[in-house]
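Below is one structure, written out as structure tokens; the observations come after it.
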Amino acid sequence: METSEAIKKRRSIRKYQDKPISKDIIEKLIDAARFAPSGMNSQPWHFIAIQDKTKLKQIAEMYAKARDKLKIYPQDTSFLEKTNIILVLSEKTPWAKVDCSFAIQNILLAATDIGLGSLCLGALMLPENIETLRTMCNIPDNLEIVMPIVIGFPDETPEPKPRKEVKEILDYNKF
Ligand SMILES: Cc1cc2nc3c(=O)[nH]c(=O)nc-3n(C[C@H](O)[C@H](O)[C@H](O)COP(=O)(O)O)c2cc1C
């Protein structure tokens, strides 16, 4: 798939087939992630692929409570049990969050390229859930959780979400 096609075809997927995701697939995605640019080539990222069903169920329950609290993304959260979650972690270097964001986009585009669905799970990131995830996955104090990324075989093909037009967001030389 051409890069431009992957950029436009990627969607946030919230319905998945109950189909296992191999370590080969996970490693392909992380291989794409590691080619992202990073400040001074610091590569401050680490990744934990959560495949364990008990942990996925626990995360689905945490996510359900978080969404209820935040009053966003109303939906059944059991779809998470059919997926894997890649926790993107960062060292505390100057541009770590930006670096990790590039790595995340590489993961999302690589997933699209091989026919997988993906979803960023920002609503999970409440302080209490971050602490639980840290304990659950034995995350050391020097690393921060940047974003949980859901990966799986899609069971829906959503229409593209509306986008602002180029002329609405672009100025030349001054705002
Ligand atoms: C930082 C970030 C956090 C997000 N958190 C959630 C989330 O918790 N739950 C969810 O269903 N979608 C989440 N999304 C998906 C966005 O809602 C989605 O990207 C946006 O509506 C555009 O749709 P698209 O990704 O299909 O183009 C998140 C996306 C980003 C970039």
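Condition first: out of contact with any Phe, Trp or Tyr (no Cβ under 9 Å at 6 or more places or on another chain), part of a helix (DSSP H, G or I) and within 16 Å of the ligand (Cβ to nearest atom). Now tell me which residues in region 4-43 satisfy that.
Matches in region 4-43: 4, 5, 6, 7, 8, 9.
Among the residues of region 116-172, which ones are more than 13 Å from the ligand (Cβ to nearest atom), among the aliphatic types (A, V, I, L, M) and under 14 Å from residue 88 (Cα atoms)?
Matches in region 116-172: 130, 133, 139, 143, 151.
Can you pull out the residues in region 1-42 that are free of Cβ contacts under 8 Å to residues at least 40 places away in the same chain and within 22 Å of residue 160 (Cβ to Cβ)?
If the condition is that a residue be free of Cβ contacts under 8 Å to residues at least 40 places away in the same chain and within 22 Å of residue 160 (Cβ to Cβ), then 2, 4, 5 are the ones that fit.
When you go through 76, 24, 31, 99 one by one, which is the residue that is touching a Gly at 6+ places or on another chain (Cβ under 9 Å), farther than 21 Å from residue 136 by Cβ and charged (D, E, K, R)?
So the residue among 76, 24, 31, 99 that is touching a Gly at 6+ places or on another chain (Cβ under 9 Å), farther than 21 Å from residue 136 by Cβ and charged (D, E, K, R) is 99.
If residue 77 satisfies every condition in (1) within 25 Å of residue 161 (Cβ to Cβ); (2) at pLDDT 95 or above but one, which is the exception?
Condition (2) is where residue 77 drops out.
Pick from region 114-163 the residues that are of a type in the set (Val, Ile, Thr) and surrounded by fewer than 12 Cβ atoms within 10 Å (Cβ to Cβ): which of them is farthest from residue 16 (Cα to Cα)?
It comes out as 135.
From the set of residues in region 18-38 that are exposed (fewer than 14 other Cβ atoms within 10 Å of the Cβ) and in contact with a helix residue (DSSP H, G or I) (Cβ under 7 Å, 6 or more places away or on another chain), which is nearest to residue 50 (Cα to Cα)?
Restricting to residues being exposed (fewer than 14 other Cβ atoms within 10 Å of the Cβ) and in contact with a helix residue (DSSP H, G or I) (Cβ under 7 Å, 6 or more places away or on another chain), the top hit is 18.
The values are calculated or read from the model by the stated rules, or taken from the named source; none is laboratory data. The model shown is predicted, which means the values in this text are computed figures rather than measured ones. Every residue, glycine among them, receives a Cβ derived from its backbone with ideal geometry; neighbour counts consider all protein chains shown.
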